[in-house]
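One structure below.
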């Protein structure tokens, strides 16, 4: 069901998917939906787009297509070729139109091109036709092979007719989405102009240029080199500065930067320049939970920060700018907000978790308490664990990973887990696999490692009987880790050793003495000899 | 000339590190045991430790025989670790896919495509057993059925400690064999009955007649061919310290009761199964080999059997590797009936 066009985003009532409706006046796009509480709207992703497909597609077919697509993306990631290009819709279309129109054939493109080349006042109309035609991949190829086609386009892009500039930009935008490797390099003549326009004031036009540049980045090293040489990073920085009050443009800058940061040589060619610019500070300011906060730009910024922190182990620059504090505070407020279950929130939670996780690696323990000001971060992380366990186990696993890094060297956070009564909940997660239980056991091991008193508390909370089960698991890492944790518990206090014996632990360890792996046998023997049978 | 194994199956602190094989001379005892414990990984060593007699006896000169290094080093290695994940790390895959689906306008709040959360599996870790289970109960049942009461000499799994005791006594104890010539040694399998019989046939008749047992009760297979041959064999092996192929000596259908073997896909196990079927055929050959010298010939003749079936006592230093494919079972603890 297609909804009527409105000036602000709404939800389609029948299929509960959101359509992005372009406002006639761009300044209205971000107006809240008439709710009085601005903070409530802060968390709602105003555009959650979807591919509508053809009208005839059933839900099941759609689902199949999605799954197929997902498979393709996974394979692309494994090949280190995961690349996405975004489509910015024109003002007067919505998603449903995108795939509806059968694209013109190659001949159509040629005809239109000639018309544009020769015509006068109708040019703009023809260019609209051309841009629609260029949605089709084969038309894209045809176009770039036409003699002087790019030259013409660049001429229009830089000409005196503002509307033609817009249409030329739109044509380039369509070209930038091409899956063919030849197309992006063909667009190189236009890039210096696109970059120049980033410091302009027209928001819509700037957005278009940004997404075009972002789409051109991946896949082509030639293009990347050119863009970097032409100063794309300073251009992005100044654009973000100028347009910081316009969420749509901020989102577009974030997207373009994230595309650059994902390129193969980014660690060497892109990141040092980015870190030296004002971009990190600006990205962080987008994450501030102030009244200007909007979800979509925050998502892009967070992903940029993730690529920055995960590409190298040295994140002192970002740490000094308070990145850990900012990301962790935002996580805490996300975890606590009623918007926790809002759609699209995990798109922000995910990169934030990763930033916090990786930033913790280079934060010295002494500074941890100031860098992560709120000990309630552990509550938030445990809440995220439970929330996402069934729906997105990968996110639950990442939360557990962050908990590990948080508790590895910090007495404060280990103690917080005990104080806030979070340990029992964690113990209940030990049956789950796919890496969740190993990470959680690591966290518990981190706690046990700190103090004997913590060990006693852990034993009281039921860790011993949980270990009796984990020692029988198929996963060797779990068994080894369980033995290590068991050792720490057993040596902490005699009553813990006694309790373990009472729970039948001795026969369990005796069985492990017949394990095929020497390190298991050795551990079991050591425990039995030195600590459990010495009575 | 009997070999005695000191079973440390009590609360003795030294229970696991000591395994004294007392042979004739004092010096050879010391030598052999030391050798065993120093060369833990050698398969031959296991042979020396093999004897299924489980007397309890005090350990002589424990200090002398105690190995110097095993078990004293703390093997635990856990330290808390910070984990930095690169952007291409596989743990980030799902989140990245989700992100790119969103970028390509394929994001949906449709919850029907929930990825399934999986529960960890349990696995039997007894060396050689590769059974896997989806629940703890399954694991426990498997373990109790197949590993708890296993004769380490012949790997047969018995359902209870008592039956295992009886099995070991009747199958692997040369002293029993000797005594049984003159007195009633075969006890009734029914707990509490207490009657003893001169031969296993008598006992079987008693079980069927009095206790209404089925005539083909699986846990009452009798042995043929007891006596000197086994002892001689023992000495031969012990002295030679070489790998001697173990020959199955049972009469009747050598049913392999250890169901572990049916589960395992490993080649050795299938050989074992193969053995049991062919056993009747080979038995004649094997049984007739009386001299130690013929052992290897007999073994040779019994092709299709495992090349090596280590005989070892049930309390083995845990640092001894039993080699791939061999099931290391152990009997239920005598001193610790539940």
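The values are calculated or read from the model by the stated rules, or taken from the named source; none is laboratory data. These numbers come from a predicted model, not from an experiment. Neighbour counts are summed over all protein chains in view; Cβ atoms, including those assigned to glycine, are modelled from backbone coordinates with ideal geometry.
From A:400, A:396, A:445, A:416, grab the single residue that is at the interface with chain B (Cβ under 7 Å from one of its Cβ atoms) and either more than 22 Å from the chain's Cα centre (by Cα) or buried (at least 22 other Cβ atoms within 10 Å of the Cβ) (or both).
A:445
Where helices (runs of 4 or more DSSP H) sit wholly within segment A:390-434, those with at least 2 residues that are outside the structural domain of residue A:445 (by the TED database) occupy A:393-407. Inspect all residues belonging to segment B:160-171 and state whether any of them is surrounded by 15 or more Cβ atoms within 10 Å (Cβ to Cβ), more than 25 Å from the chain's Cα centre (by Cα) and assigned to a helix (DSSP H, G or I). Among the residues of segment B:160-171, not one is surrounded by 15 or more Cβ atoms within 10 Å (Cβ to Cβ), more than 25 Å from the chain's Cα centre (by Cα) and assigned to a helix (DSSP H, G or I), which makes the answer no.
Rundown of residues vs (1) under 19 Å from residue A:86 (Cα atoms); (2) part of a helix (DSSP H, G or I); (3) not assigned by the TED database to the domain that holds residue A:141, yes/no style:
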{"position": "A:156", "(1), (2), (3)": "no, yes, no"}
{"position": "A:167", "(1), (2), (3)": "yes, yes, no"}
{"position": "A:170", "(1), (2), (3)": "yes, yes, no"}
{"position": "A:195", "(1), (2), (3)": "yes, yes, no"}
{"position": "A:200", "(1), (2), (3)": "no, no, no"}
{"position": "A:204", "(1), (2), (3)": "yes, yes, no"}
{"position": "A:211", "(1), (2), (3)": "yes, yes, no"}
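Screening residue A:455 against (1) more than 9 Å from chain B (Cβ to nearest Cβ); (2) out of contact with any helix residue (DSSP H, G or I) (no Cβ under 6 Å at 6 or more places or on another chain); (3) more than 22 Å from residue B:137 (Cβ to Cβ) leaves a single unmet condition, (2). Name the single residue that is farthest from residue B:143 (Cα to Cα) among those in segment A:488-510 being within 11 Å of another protein chain (Cβ to nearest Cβ) and surrounded by 20 or more Cβ atoms within 10 Å (Cβ to Cβ). The extreme case among them is A:488.
Report whether or not residue A:248 is more than 20 Å from residue A:82 (Cα to Cα), in a helix (DSSP H, G or I) and at pLDDT below 95. When the stated conditions are applied, residue A:248 passes them.
In segment A:300-309, is there at least one residue being over 16 Å from the mean Cα position of the chain (by Cα), farther than 26 Å from residue A:369 by Cα and touching a residue at least 12 places away in the same chain (Cβ under 8 Å)? The answer is no, given that none of the residues of segment A:300-309 is over 16 Å from the mean Cα position of the chain (by Cα), farther than 26 Å from residue A:369 by Cα and touching a residue at least 12 places away in the same chain (Cβ under 8 Å).
Residues of segment A:111-123 that are surrounded by fewer than 18 Cβ atoms within 10 Å (Cβ to Cβ) and either in a helix (DSSP H, G or I) or touching a strand residue (DSSP E or B) at 6+ places or on another chain (Cβ under 7 Å) (or both): A:111, A:114, A:115, A:117, A:118.
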